[in-house]
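J.: Got a structure for you, written out below as structure tokens; questions coming shortly.
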Amino acid sequence: LERHREFPRTYARKIYNNAAIVKGTHTANALALGCALCGQCTEICPEGFSMADLCLHARQDMVERGYMPQSAHEFALEDMAQASGPESAVSRPDPATGRCAHLFFPGCQLTAARGPQVLRVWRFLRERLDGGTGIMLSCCGVPAFWAGNTPLFDEHAARLRADWESLGKPELIVACASCLDALARALPDARLRSLWEYLDELLPEAAPVDDAPVVSIQDPCGARHQEGWRAAVRSLVRKCGLRGEDPRRSGTETACCGYGGLVWNAQPDMADVMAARRASDLPHTALCSCIMCRDRLARQGKESLHLLDLLPMTAETSAAGAARSRQNVRFPFPET
């Protein structure tokens, strides 16, 4: 909104006119592709106007009519295909029991950046939960949804459904807020719950620590309306001996790090502005429950931690780093 120096009614007219153009330059493409689709403006706007819905519908219209620039989201969609292809995707029940009452869905970005930590979390869940805990490694399909490519998202959702049904329709334990949203769309009849809510219930209370270090909690924009997610993160921070502080614009008004809506792909300069502004809002070390928030803030020079860096079953595992996220590294599954 600030970059283009106008207001939503003007944007709505421009996007409508852009869609009506049959031949010529589509000047509002940059506007529609620069939105993070995060919904912060809707929460802050006194009229509740959703620029996110407007820009998403504009993208869907561009894809449907063949006007979406291929370069806008090409890498993100290739990354989605790689994360969901035979080199990366896995769907299996608990290897010890063959049962699958629960299915851990860590998300492709977290698994790529923090593979050893994801493996430790899965082992912890297998040890603590009854009925067997399987795992599903795949992209959730949100890049296709954000790109406005509804047919591609529906095709991906059908593959996810087939794998989920083959495992007996287990409850999904999800570690990524964007994955929670995408899976709710792809599998509307599935039982979904965040990883942090499970871990908060499984880990014991800890005594308060005097002079506990303070961290600024970065709520991912995908968890804007996930109250259980946000409460569990704060509880886990306390259990890890830290004091969490809510920065300016948190909870339902939290700001996007620039990853949402594929802005990082279509308009990387805009995404960097978003990340830098969010980093400036956090007075202490950033504590993130989203791996992309953590990595994007860290790229801005902000000292940032992911929640898995603190938890007792994963804290001793060093981060692999985002640079390894595209490497084809086989995930070390246990035999038992």
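The values are calculated or read from the model by the stated rules, or taken from the named source; none is laboratory data. All values reported here derive from a predicted model rather than from experimental measurement. No Cβ is skipped: glycine too gets one built from the backbone with ideal geometry, and neighbour counts run over all protein chains shown. Protein only, heavy atoms only, side chains kept; ligands, DNA and RNA dropped before computing areas. Shrake-Rupley method; radii C 1.70, N 1.55, O 1.52, S 1.80 Å.
J.: Just from its helices, what would the mean residue ellipticity at 222 nm be for the chain, if runs of 4 or more DSSP H residues each count -39500 (n - 2.57) and the sum is divided by every residue, rounded to the nearest 500 deg cm²/dmol?
T.: One gets -13000 deg cm²/dmol as the mean residue ellipticity at 222 nm.
J.: Right, something else. Just to confirm, what accessible area per residue do you get for the chain at 1.4 Å probe, in whole Å²?
T.: Solvent-accessible surface per residue comes out at 46 Å².
J.: Under 1.5 on a/c is rounded, so check that first for the stretch 23-93, then, if it is not, pick prolate when a/b is larger than b/c and oblate when it is not; a ≥ b ≥ c are the square roots of the alpha carbon gyration tensor eigenvalues.
T.: oblate
J.: Kindly state, as a whole number, the per residue volume in cubic angstrom of the convex hull around the alpha carbon atoms of the stretch 191-279.
T.: Dividing the Cα hull volume of the stretch 191-279 by its residues yields 105 Å³.
J.: Whats the longest run of the chain with zero GluC sites (Glu not before Pro) that are DSSP loop and have at most 15 other Cβ atoms within 10 Å?
T.: That gives 88-204 as the longest site-free run.
J.: Ignoring ligands, DNA and RNA, please state the percent of accessible area on the chain from carbon and sulfur, probe 1.4 Å.
T.: 50
J.: From the P(r) of the chain, could you give the percentage of C-alpha pairs in the tail past 38 Å?
T.: So the pairs more than 38 Å apart make up 15 percent of the total in the chain.
J.: Note down the relative contact order for the stretch 1-116 as a percent, whole number, built from C-alpha pairs under 8 angstrom at least six residues apart.
T.: RCO, the stretch 1-116: 15 percent.
J.: While we're on this one: Output the Cα-based Rg and Dmax of the stretch 164-203 in Å, rounding Rg to one decimal and Dmax to a whole number.
T.: Rg then Dmax for the stretch 164-203, in Å: 10.7, 31.
J.: Taking the Cβ-Cβ separation of HIS225 and GLU127 as r and a Förster radius of 25 Å, what is the calculated FRET efficiency to the nearest 0.05?
T.: 0.20
J.: I've got another one for you. What is the magnitude of the charge dipole of the chain about its Cα centre, with +1 placed on the Cβ of each Lys and Arg, -1 on the Cβ of each Asp and Glu, and no other charges, expressed in debye to the nearest 20?
T.: Dipole of the chain, to the nearest 20 debye: 480 debye.
J.: Between ASP281 and ALA184, what FRET efficiency comes out of the Förster formula 1/(1 + (r/R0)^6) with R0 = 25 Å and r the beta carbon distance, rounded to 0.05?
T.: 0.35
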